Amino acid sequence: MSALRIPIALHALILAAGVALATLLAGGARANGPVEAVDSISITVADMDRSLVFYEDVLTFEKISEVEVDGEPYERLMGVFGLRMRVARLRLGDEAIELIEVLTPKGRPIPPDSRSNDGWFQHIAIIVRDMGRAFAWLRQHDITYASPAPQRLPDWNPNAGGIEAFYFKDPDGNTLEILAFPPDKGDPKWHEPSDKLFLGIDHTAIVVADTDASLAFWRDRLGMQVVGESENYGPEQERLNNVFGARLRIAALRAPEGPGVELLEYLTPGDGRPFPADTRASDLWHWQVNLDVVDAGQAAENLRAGHARFVSPGVTQLPGHDLGFAEGLLARDPDGHAFLLIERSGRGNAL
C-alpha cells in the first residue's frame, strides 16, 4: 500500500485502514455544491427486530426513532409500488444510520457468494477504542467473519502504520468494518476520554468501476470535496477485503458535515460483478447515502443535466415529517449505488 500524499499541515487528514481509507478533516471539509451534510447511511434489512438486537446490543447503537409508513408519496420516493416500510434511526456517537425493513413487497436477499470487489459492495466503518477488545466482543456474539482476523497496517506506511481494521457481517450479510487508530492518527475526537468501546462512524465505502467517472458525479455534480487519494495493496489489504491480489485506487470525499464517502476501485482482480441493473429499494443489498440539501429541486435539475439515474420520478413531497424531512429524491450514481437527497424545509418546489 502506498502512502497517501498530503501536506503535513493537513495533519487532521488521515488515511484510515490503508484498505478502506478513513479521511477526516478537523472541523469538516468545505464543498461548493448542493450537499450540505451526509445525514446518515440507510441499510436495508429483512427483520427489523432481529437487526435492532444486533445493532443495539452488539454494536451499542442507540435507537432514537422508529416509524412505519405507506402510501403513494413513499412509493414515489422509493420507486417501489405497494410499498410499506418500517424505518428505525440509530445513533452512535455523533453519527447516525437508518435501518429499513420493506414489509411489502419483499425484496431479494444479498447473494451468499458476495465478495468485497462486487459492484454492490458497501460498508460503514465504525471506530473502536481498542481492536482487541472489540474483536473479542464480536467473537463472543458469534458474528460472521468477512476478514479472517483484524489486520494491522504496516509501519512502512507512515500515514496508516499502526491502524487496525476488520470486516464482519450483520445478520443479513451486510458488510461492516471496525477501525482502531493509534494515538498519533485519526480525528482528535476518537481519542477523547470515554468508557465506550464503539465510538462512531467515520465513513461509508462503495465499490466503483471508474474512479474518474465517479468523481465527476460525487464531486462535480453533488459538490462533495476530495480530501484524499491513494493506491493500496499488499497482504494486509488482501486479507482485510478477503480478495486475493486486491489492489485498490481509493478516493475519499467529504461534505461539510457527517461521515465521509469513499470510492473503492479494484485495479486487480478484475472479476468483480457489476451492480444489478434491476435493483429495487426493497432488495437487501440496497443501501443509500442520505444527503442534506437546501433546495432539492435545484439539486435534482443539476443531477438531471448530468444524466443521473432517478429512482423517484422527481422530488417528492411527503405528507408529514415522519421520516425527518419534507421533500426527497432517490437516485443512483454511475455504478448503481443509491443516494437520497433530503430537503427539510419543504418549500413546495417538488417536480
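Assorted remarks:
- Filtered residue count, region 218-230, keeping only those that are within 14 Å of residue 300 (Cα to Cα) and open to solvent by 10 Å² or more (accessible area, probe 1.4 Å): 2
- Residue in region 134-149 that is closer than 19 Å to residue 202 by Cα, small (Gly, Ala, Ser) and under 16 Å from the mean Cα position of the chain (by Cα) present: no
- Whichever residue in region 252-282 is hydrophobic (A, V, I, L, M, F, W, C), more than 25 Å from residue 294 (Cβ to Cβ) and part of a strand (DSSP E or B) and, among such residues, is least open to solvent (accessible area, probe 1.4 Å): 264
- No other residue among 176, 222, 215 is within 19 Å of the chain's Cα centre (by Cα) and part of a loop (DSSP other than H, G, I, E, B) apart from 222.
- Under the condition of being without any contact (Cβ under 8 Å) to a residue 60 or more places away in the chain, of a type in the set (A, V, I, L, M, F, W, C) and open to solvent by 30 Å² or more (accessible area, probe 1.4 Å), the residues counted in region 102-148 number 3.
- Checked against (1) closer than 17 Å to residue 340 by Cα; (2) of a type in the set (D, E, K, R); (3) free of Cβ contacts under 8 Å to residues at least 40 places away in the same chain, residue 212 passes all but condition (1).
- Some residue of region 257-265 being under 24 Å from residue 144 (Cα atoms), among the β-branched types (Val, Ile, Thr) and touching a residue at least 60 places away in the same chain (Cβ under 8 Å): no
- In region 154-171, the residue that is most open to solvent (accessible area, probe 1.4 Å) out of those that are part of a loop (DSSP other than H, G, I, E, B) and within 14 Å of residue 186 (Cα to Cα) is 158.
- All positions within region 43-58 that are part of a loop (DSSP other than H, G, I, E, B) and of a type outside the set (D, E, K, R): 46
- Residues (open to solvent by 10 Å² or more (accessible area, probe 1.4 Å) and either touching a residue at least 60 places away in the same chain (Cβ under 8 Å) or hydrophobic (A, V, I, L, M, F, W, C) (or both)) located in region 231-241: 231, 233, 234, 236, 239
- From the list 315, 293, 311, the lone residue that is β-branched (Val, Ile, Thr), in contact (Cβ under 8 Å) with a residue 12 or more places away in the chain and closer than 15 Å to residue 221 by Cα is 293.
- Hey, residue 127 part of a strand (DSSP E or B), touching a Gly at 6+ places or on another chain (Cβ under 7 Å) and of a type outside the set (Asp, Glu) or not: yes
- Number of positions in region 262-298 that are over 17 Å from the mean Cα position of the chain (by Cα) and of a type outside the set (S, T, N, Q): 17
- The one condition in (1) over 19 Å from the mean Cα position of the chain (by Cα); (2) open to solvent by 60 Å² or more (accessible area, probe 1.4 Å); (3) in contact (Cβ under 8 Å) with a residue 24 or more places away in the chain that residue 192 fails to fulfil: (3)
- Condition met for residue 307 (closer than 22 Å to residue 207 by Cα, surrounded by fewer than 24 Cβ atoms within 10 Å (Cβ to Cβ) and modelled with pLDDT under 95): yes
The values are calculated or read from the model by the stated rules, or taken from the named source; none is laboratory data. Please read these numbers as outputs of a predicted model, since none were measured by experiment. Every residue, glycine among them, receives a Cβ derived from its backbone with ideal geometry; neighbour counts consider all protein chains shown. Accessible surface is based on the protein model in full, side chains and every heavy atom, while ligands, DNA and RNA are left aside. Shrake-Rupley method; radii C 1.70, N 1.55, O 1.52, S 1.80 Å.
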